[in-house]
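The values are calculated or read from the model by the stated rules, or taken from the named source; none is laboratory data. What you are looking at is a predicted structure, and each value in this text was computed from that prediction instead of being measured. Here the Cβ positions follow ideal geometry from the backbone for every residue, glycine too, while neighbour counts run over all protein chains shown. Surface areas here come from the heavy atoms of the whole protein model, side chains and all, with no ligands, DNA or RNA. Shrake-Rupley method; radii C 1.70, N 1.55, O 1.52, S 1.80 Å.
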Amino acid sequence: MATCDNTLLVLQVDGEPIGNGWLRHGHLPEVTYGYSLVVDPEFRGRGHGRSAMAIGEQVTWDVGDRVVMFNVFGGNEAAMSLYTAVGYRVVEETRSCDLAAGVDG
């Protein structure tokens, strides 16, 4: 829990945990990297993800970083929609091919 340059968040509603987040500060100069942000499925769609993003951004400012970065895997439409809705932009994209299935497969 007390790992240097990391913030671990427990997201709560009415004192009950509903998710968590993990931020690594100084990942690059003045950059906090979000390793994870999870809102439990039964609590999604209620604005908790947006609130968690705002908290993460405030923590980032508080430690002196100026940028927050998150990785999101293809197919995670909920996360991509959240990040876009709160103003994040795509800075890098990676593609893969299942060679066992063939290029056209």
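Between Gly34, Gly15, Gly74, which is over 11 Å from the mean Cα position of the chain (by Cα), small (Gly, Ala, Ser) and at negative phi?
None of the other options fit; the residue is Gly74.
All but one of (1) part of a loop (DSSP other than H, G, I, E, B); (2) modelled with pLDDT of 95 or more hold for Thr60; state the number of the condition that does not hold.
With respect to (1) part of a loop (DSSP other than H, G, I, E, B); (2) modelled with pLDDT of 95 or more, Thr60 is out only on (1).
Anything in segment 72-86 that is in a loop (DSSP other than H, G, I, E, B) and open to solvent by 80 Å² or more (accessible area, probe 1.4 Å)? List them, or say none.
If the condition is that a residue be in a loop (DSSP other than H, G, I, E, B) and open to solvent by 80 Å² or more (accessible area, probe 1.4 Å), then Phe73 is the only one that fits.
Consider Glu16 carefully, then state whether it is farther than 21 Å from Arg89 by Cβ, of a type in the set (D, E, K, R) and out of contact with any strand residue (DSSP E or B) (no Cβ under 9 Å at 6 or more places or on another chain).
Against the criterion (farther than 21 Å from Arg89 by Cβ, of a type in the set (D, E, K, R) and out of contact with any strand residue (DSSP E or B) (no Cβ under 9 Å at 6 or more places or on another chain)), Glu16 qualifies.
Report, ordered by the first and then the second residue, all pairs with beta carbons closer than 7 Å, sequence separation of six or more or different chains, a first member in segment 1-20 that is surrounded by fewer than 10 Cβ atoms within 10 Å (Cβ to Cβ), and a second member that is polar (S, T, N, Q).
Val10/Asn20
Residues in segment 87-102: is at least one open to solvent by 100 Å² or more (accessible area, probe 1.4 Å), part of a helix (DSSP H, G or I) and of a type outside the set (Gly, Ala, Ser)?
No.
Of the conditions (1) open to solvent by 50 Å² or more (accessible area, probe 1.4 Å); (2) over 28 Å from Thr3 (Cα atoms), Glu57 fails just one. Which one is it?
(2)
Counting only residues that are farther than 21 Å from Met80 by Cβ and either part of a loop (DSSP other than H, G, I, E, B) or at pLDDT 95 or above (or both), how many does segment 27-41 have?
2
So Tyr83 clears everything in (1) touching a Phe, Trp or Tyr at 6+ places or on another chain (Cβ under 7 Å); (2) of a type in the set (Ser, Thr, Tyr); (3) over 27 Å from Glu16 (Cα atoms) except one condition, right? Which one?
Condition not satisfied by Tyr83: (3).
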